[in-house]
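Below is one structure; the comments refer to it alone.
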């Protein structure tokens, strides 16, 4: 017989669960506070715990952490009100299996959740999750951050909450949004995406809300908007940070009330559309700069997912290349030298840029080679390798000559500046970032040598705090023994 622990300060909640769960044949223990919780887990073993996030003498997240130490195998469901959904999402990051919102409107769904956690193997659920990701072309790989992201996305997919996806350009925000939609209860309804930065304010408004016949010149007949078409489905608002303030006001109204009007219309319409928004800019900073509404950000940022850039998951580079080769129906493979070269590159365009590089290499090599060597890679990758190999060699010998590096860097940038050929601005910006890293590294190394490793004195000379110096030593990859 499975044993279930319920911790909630509302006695009627405990009474409900006792009757509901004992009738299904479960052994149920009820507690009302943190003290009861500690006593019960000391005396009993539990297979599942349902814990309220707010208790008079304890925090539900603290009890979750304690339970994961005392009974690691026990699955946990956090109970929450809507206002504490963000806390419940944090609980999932700490190991909770799921969360439910109070009051419990859908008892059948609650029953399925409990039975599923107790009787369905975790392995089976994980297999379904990874299989869905693979089907949609969402390559997760071995990177821990990506795997944690997928698990969190899979768990919140079935919740009727808005999601904000952050990530640099080309990291795969739309693919993640599609994954969330496909794993949700809305999977058999429309998934529609719109890029807020790719269309004008007037066009975006008519695209989102539709328009009536005669609303403007050229409106010869009425047109449904995306909110109408995506009703009961998912709307993916890409680059939400590019939406004008006027459009943001109208979006806020839909998110708050579910109501909107067509352009030129007078009838209030209703929609039940889940919003997944994405951005490559910092919306909190945009709020401070008065270019994004704080109340809209509050509505969008119920759950925030951040996709790591490609340069932070290079252990998956070979797997991504293999996936792209398969997608291109190519029998070619990349040499180890090519892979090493690609691992040295900054990848400002992330996974999208990687696909373009693979596609270009396949096009050039097809018919004249079976293995793609560095010869078939863009110059920007080979340049990155040559600069970094010089840097690595000098660091290894502990004789970094910043003057030589600076001259080489300036020469490379000037050659691109003077060239009449097409320039890859993203690559230029990546070189600037490399220079920033190298300049920090060189000044810090020079100062640490002069102070014989005395970090306090070095920090004083650099006019930064010791804490900032420690951060830079870690962030810039400088040998702490220098």
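The values are calculated or read from the model by the stated rules, or taken from the named source; none is laboratory data. Here the structure is a predicted model, which means the values were calculated and not measured. Neighbour counts run over all protein chains shown; Cβ positions are idealised from the backbone, glycine included.
If you go through region 214-250 and keep only what is buried (at least 19 other Cβ atoms within 10 Å of the Cβ) and part of a loop (DSSP other than H, G, I, E, B), you end up with 225, 230, 233, 243.
Selection over region 79-98 of residues that are without any contact (Cβ under 8 Å) to a residue 40 or more places away in the chain and either surrounded by fewer than 15 Cβ atoms within 10 Å (Cβ to Cβ) or outside any loop (DSSP other than H, G, I, E, B) (or both) gives a count of 11. For region 25-50, filtered to residues that are touching a residue at least 40 places away in the same chain (Cβ under 8 Å) and surrounded by fewer than 18 Cβ atoms within 10 Å (Cβ to Cβ), the residue that is farthest from the chain's Cα centre (by Cα) is 44. Checked against the criterion of being in contact (Cβ under 8 Å) with a residue 24 or more places away in the chain, in contact with a helix residue (DSSP H, G or I) (Cβ under 7 Å, 6 or more places away or on another chain) and loosely packed, with under 13 Cβ neighbours inside 10 Å, region 51-68 contains one or more residues that satisfy it.
Restricting to region 462-475, count the residues that are surrounded by fewer than 16 Cβ atoms within 10 Å (Cβ to Cβ) and either over 30 Å from residue 170 (Cβ atoms) or modelled with pLDDT of 80 or more (or both).
Initial filter on region 462-475 (surrounded by fewer than 16 Cβ atoms within 10 Å (Cβ to Cβ)): 463-468, 470-471, 474-475.
Among the residues that remain, those that are also either over 30 Å from residue 170 (Cβ atoms) or modelled with pLDDT of 80 or more (or both) are: 463-468, 470.
Going through region 462-475 one residue at a time, the tally reaches 7.
Look at (1) assigned to a helix (DSSP H, G or I); (2) surrounded by fewer than 20 Cβ atoms within 10 Å (Cβ to Cβ) and you find that residue 185 fails only one, number (1). For the condition in contact with a strand residue (DSSP E or B) (Cβ under 8 Å, 6 or more places away or on another chain), within 23 Å of residue 198 (Cα to Cα), surrounded by fewer than 20 Cβ atoms within 10 Å (Cβ to Cβ) and at pLDDT 90 or above, residue 274 does not qualify. Kindly evaluate residue 289 against the criterion of being under 29 Å from residue 416 (Cα atoms), modelled with pLDDT under 95 and exposed (fewer than 15 other Cβ atoms within 10 Å of the Cβ). It is false that residue 289 is under 29 Å from residue 416 (Cα atoms), modelled with pLDDT under 95 and exposed (fewer than 15 other Cβ atoms within 10 Å of the Cβ).
Within region 136-169, count every residue that is outside any loop (DSSP other than H, G, I, E, B) and under 18 Å from residue 233 (Cβ atoms). Spell out the reasoning first.
Just the residues of region 136-169 that are outside any loop (DSSP other than H, G, I, E, B), to begin with: 144-157, 163-166.
Remaining after also requiring under 18 Å from residue 233 (Cβ atoms): 153, 156-157, 163, 165.
Total satisfying the criteria: 5.
Would you call residue 105 under 32 Å from the mean Cα position of the chain (by Cα) and assigned to a loop (DSSP other than H, G, I, E, B)? Judged against the criteria, residue 105 is a match.
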